[in-house]
Amino acid sequence: MYTERPSRLPGAVVWRNTPGPAGARSVVLPDGCMDLMWCEGRLLVAGPDTRAYDPGPPRRWAGVRFFPGTGPAYLGVPAHELRDRRVDLADLWPARRAGALRARLDASDDPAAALEEVALARAAEVTEPDPLLRSLVAALGAGRPVARTADDLGLGVRRLHRLSLTAFGYGPKTLARVLRLQRALALARAGEPFASTAARAGYADQAHLARDVRDLAGMPLGELLGGRR
């Protein structure tokens, strides 16, 4: 069963996922974020996804999901280097430090809370993420065109692309597409009919929504929502 709550680290989310009924599986959808995660003795970093990710057989997971674009500042690695990847933290940080953190989490009764403390401590050590990134996410998340967003933020399109690769792992058009998917899912999960979901989320029509969901999530929207049509 998956649960989450807001973190004390601004914009981040603390989450837990424990095995549910036998045979229950879920996929992780693209959301523009990076995660610091613990899973039964492993300490991992999830890079930004461009497609649905299957985490495999049910296991006990805990994690901190950083606000889109902020993960590289906290984790010390450009997002594009981890695109569509899960890597051990020891591959990114000094092995001794990563090993000590892993041992701490293995011994913790609440690995999610312990991970939040790790993230907060790390945030105190590094330079804060560029506040421009939040404005970028807000603009694209609201459906503004990429070129207009670049102008509004005082960035050239090429500079915006370079910034996006480092912060999000992919260009602004892909980020806008991922954020549009998240808008659509929020509307559909709230009970909005698929046709009006498509219109409100910024798709050309319902067929466009269906194609994009299948491409990014790997399944039809109705199946993603548990059989709803």
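Of the residues that make up region 48-63, is at least one modelled with pLDDT of 95 or more, in a loop (DSSP other than H, G, I, E, B), small (Gly, Ala, Ser) and farther than 25 Å from Pro220 by Cα? Within region 48-63, not a single residue is modelled with pLDDT of 95 or more, in a loop (DSSP other than H, G, I, E, B), small (Gly, Ala, Ser) and farther than 25 Å from Pro220 by Cα. Being modelled with pLDDT under 95 and closer than 26 Å to Arg97 by Cβ is the filter here, so list the residues in region 11-41 that pass it. Passing the criteria: Asn17, Glu40, Gly41.
With the structure loaded, tell me whether Pro172 is modelled with pLDDT of 95 or more, over 18 Å from the mean Cα position of the chain (by Cα), crowded, with 20+ Cβ neighbours inside 10 Å and not aliphatic (A, V, I, L, M) or whether it fails that test. Answer is no for this residue.
Of everything in region 40-54 that's touching a residue at least 60 places away in the same chain (Cβ under 8 Å) and in contact with a helix residue (DSSP H, G or I) (Cβ under 7 Å, 6 or more places away or on another chain), which residue is surrounded by the fewest Cβ atoms within 10 Å (Cβ to Cβ)? This residue is Gly41. Would you mind stating whether Leu140 is touching a residue at least 40 places away in the same chain (Cβ under 8 Å), surrounded by 13 or more Cβ atoms within 10 Å (Cβ to Cβ) and closer than 28 Å to Gly222 by Cα? No; evaluated as a whole, the condition is false for this residue. Candidates in region 55-85 are the residues that are touching a residue at least 12 places away in the same chain (Cβ under 8 Å) and at positive phi; of these, the one that is most open to solvent (accessible area, probe 1.4 Å) is Gly76.
Restricting attention to region 211-229, the residues being open to solvent by 50 Å² or more (accessible area, probe 1.4 Å) and not in a loop (DSSP other than H, G, I, E, B) number 4.
A count restricted to region 82-132 and to residues that are aliphatic (A, V, I, L, M) and in a strand (DSSP E or B) stands at 1. Of everything listed in (1) surrounded by fewer than 17 Cβ atoms within 10 Å (Cβ to Cβ); (2) farther than 18 Å from Phe67 by Cβ, the single unmet condition for Val146 is (1). Suppose the filter is open to solvent by 10 Å² or more (accessible area, probe 1.4 Å) and β-branched (Val, Ile, Thr); does Thr197 pass it? No; evaluated as a whole, the condition is false for this residue.
Taking the criterion of being part of a helix (DSSP H, G or I), open to solvent by 10 Å² or more (accessible area, probe 1.4 Å) and either touching a Lys or Arg at 6+ places or on another chain (Cβ under 6 Å) or not basic (Lys, Arg) (or both), the residues of region 149-166 that qualify are Asp151, Asp152, Val157, His161, Leu163, Leu165, Thr166.
The values are calculated or read from the model by the stated rules, or taken from the named source; none is laboratory data. Because the structure is predicted, anything quoted here is derived from the model rather than measured. Here Cβ is always computed from backbone atoms with ideal geometry, including for glycine, and neighbour counts include all displayed protein chains. All accessible areas refer to the heavy atoms of the entire protein, side chains included, with ligands and DNA or RNA removed. Shrake-Rupley method; radii C 1.70, N 1.55, O 1.52, S 1.80 Å.
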